[in-house]
Amino acid sequence: MSSCEQCVVRNRAICSSLDKDELGVLNAIGRRRTLQPGESLIWEGEDSVLVANVIEGVLKLSTGTEDGREQIVGVVYPSEFIGRPFGGTTSHGVTALTESRVCVFSRSDFDAFAREHPSLEHKLLERTLTELDRTRRWMLLLGRKSASEKVASFLLELSERLSPANCEIHFETGARRFTLPFSRQQIADVLGLTIETVSRQFTRLKSEGLIDLPSRREVTILDREGLAAEAG
């Protein structure tokens, strides 16, 4: 079988609309690549020369401020699509937060394939609209929510979007345990908070029995409804 047919995100990625023969053609123009934490795939401001599907791992989208600071503007999870098809320059860099596997395509090859397969273009449009909705929710989170609401919303989103391999569910209690792909400082940067505020909110959520913190990088959501109420 082709690597496309064996892909663990095959039924959730944009290529899910393709049949076996079409997958074979797509497989011929793509290649698998493994990224180590901190390794970049796309650089901000450069010509858009490649696009990719995320197979495993978590990557960040970031941009630089005028004074040289990094601002994380988004996070990409397994089955999601990265890059800018159909030309232009990239408005943000893409860097692995965890060890990640991606399926990479030359942008020009992918554009030509997409033009010949309307179902794939339709999937791209669906993904674009979904990302637009997510961006609007993120604007609300950053602009209007309190620190406690931001942290609770962030943990809920992580638990929903991490792949099953990175998120363990206890079926009797419903508790959901996962490993954070971020440091506390990175969480603070994403949410526009200080690291001290993030740490205080984690401690408070634990003391109220909404989450448990088995280690500094592990989180268990004990009371999902309570955490959702906390998120506003």
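The values are calculated or read from the model by the stated rules, or taken from the named source; none is laboratory data. Just so it is clear, the model here is predicted, and its values are computed rather than measured. Reconstructed Cβ throughout: ideal geometry from the backbone, glycine too, with neighbour counts over all protein chains shown.
Here are the numbers:
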{"item": "Per-region count, the stretch 199-232, residues assigned to a loop (DSSP other than H, G, I, E, B) and of a type in the set (Lys, Arg)", "result": "2"}
{"item": "Restricting the stretch 64-78 to residues that are modelled with pLDDT of 80 or more and assigned to a loop (DSSP other than H, G, I, E, B), the residue that is surrounded by the fewest Cβ atoms within 10 Å (Cβ to Cβ)", "result": "Asp67"}
{"item": "Residue within the stretch 117-133 that is over 20 Å from Val76 (Cα atoms) and exposed (fewer than 12 other Cβ atoms within 10 Å of the Cβ) present", "result": "yes"}
{"item": "All positions within the stretch 106-119 that are in contact with a helix residue (DSSP H, G or I) (Cβ under 6 Å, 6 or more places away or on another chain) and either assigned to a strand (DSSP E or B) or acidic (Asp, Glu) (or both)", "result": "Asp109"}
{"item": "Residue match in the stretch 82-100 (condition: of a type in the set (A, V, I, L, M), assigned to a strand (DSSP E or B) and touching a Pro at 6+ places or on another chain (Cβ under 8 Å))", "result": "yes"}
{"item": "Pairs where the first residue, in the stretch 208-223, is touching a residue at least 60 places away in the same chain (Cβ under 8 Å) and the second is of a type in the set (Phe, Trp, Tyr), C-beta under 9 Å, 6+ apart", "result": "Val219/Phe178; Val219/Phe202; Ile221/Phe178"}
{"item": "Lone unmet requirement of (1) touching a Cys at 6+ places or on another chain (Cβ under 9 Å); (2) modelled with pLDDT under 80; (3) not small (Gly, Ala, Ser) for Thr179", "result": "(2)"}
{"item": "Residues of the stretch 185-198 classified as part of a helix (DSSP H, G or I) and surrounded by fewer than 15 Cβ atoms within 10 Å (Cβ to Cβ), total", "result": "3"}
{"item": "From the options Glu230, Glu225, residue that is at pLDDT 85 or above and surrounded by fewer than 16 Cβ atoms within 10 Å (Cβ to Cβ)", "result": "Glu225"}
{"item": "Some residue of the stretch 143-160 being aliphatic (A, V, I, L, M), at pLDDT 80 or above, touching an Asp or Glu at 6+ places or on another chain (Cβ under 8 Å) and not in a helix (DSSP H, G or I)", "result": "no"}
{"item": "Condition met for Thr130 (within 23 Å of Ser62 (Cβ to Cβ) and in contact (Cβ under 8 Å) with a residue 12 or more places away in the chain)", "result": "no"}
